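The values are calculated or read from the model by the stated rules, or taken from the named source; none is laboratory data. Since this is a predicted model, take the numbers as computed values, not measurements. Every residue, glycine as well, gets a Cβ built from its backbone with ideal geometry; the counts of neighbours run over all protein chains shown. Accessible surface areas use protein heavy atoms only, side chains included; no ligands, DNA or RNA. Shrake-Rupley method; radii C 1.70, N 1.55, O 1.52, S 1.80 Å.
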Amino acid sequence: MIGKLNHVAIAVPNLVEASSVYNDVLGAKVSEPIAMPEHGVTTVFVELPNTKIELLEALGEDSPIAKFIENNPKGGMHHICYEVEDIFKARDEMIAKGVTVLGSGEPKNGAHNKPVIFMHPKDFMGTLIELEQV
Ligand code: CO
């Protein structure tokens, strides 16, 4: 069902420093920061030839990233995003297979303004999984 790897997301305590590591140390192309208050994050995209890396910094009071950074003060891998053709079909199939879809279960528009869902890490070997309709 899943298609291409769309991105790997890394939660970071400081977006400016993290951007500089990817830009200056690794020599990657890094976007300007994009604030997404509805998701509680500020994001930077690192463009790679075959995929993207998303750097996430907490934004606002109840950011989903805040707790993660508390537990991982230096930051760490937060989730992996796979592409799917039909987000509703994918969601229904996951639920039918016993997967826990997070939140209301209704797809929300993600960082690329495309509908996404998130699935509980317990169902995927400890990794938070995002599905994005492309
Ligand atoms: Co993502």
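Answer yes or no: is there a residue in the range 21-34 that is under 13 Å from the mean Cα position of the chain (by Cα) and open to solvent by less than 70 Å² (accessible area, probe 1.4 Å). No.
All conditions but one from (1) open to solvent by 40 Å² or more (accessible area, probe 1.4 Å); (2) over 30 Å from ALA96 (Cβ atoms) apply to ALA11; the one that does not is (1).
For VAL44, indicate whether it is touching a residue at least 12 places away in the same chain (Cβ under 8 Å), out of contact with any Asp or Glu (no Cβ under 7 Å at 6 or more places or on another chain), open to solvent by less than 70 Å² (accessible area, probe 1.4 Å) and under 14 Å from HIS7 (Cα atoms). Reasoning before the result, please.
Details: touching a residue at least 12 places away in the same chain (Cβ under 8 Å): yes; out of contact with any Asp or Glu (no Cβ under 7 Å at 6 or more places or on another chain): yes; open to solvent by less than 70 Å² (accessible area, probe 1.4 Å): yes; under 14 Å from HIS7 (Cα atoms): yes.
Criteria met by VAL44.
The set of residues from the range 1-20 being closer than 13 Å to VAL44 by Cα and of a type in the set (A, V, I, L, M, F, W, C) comprises VAL8, ALA9, ILE10, ALA11, VAL12, LEU15, VAL16, ALA18. Within the set ALA96, ALA111, ALA90, the sole residue that is surrounded by 19 or more Cβ atoms within 10 Å (Cβ to Cβ) and more than 17 Å from GLY3 (Cβ to Cβ) turns out to be ALA111.
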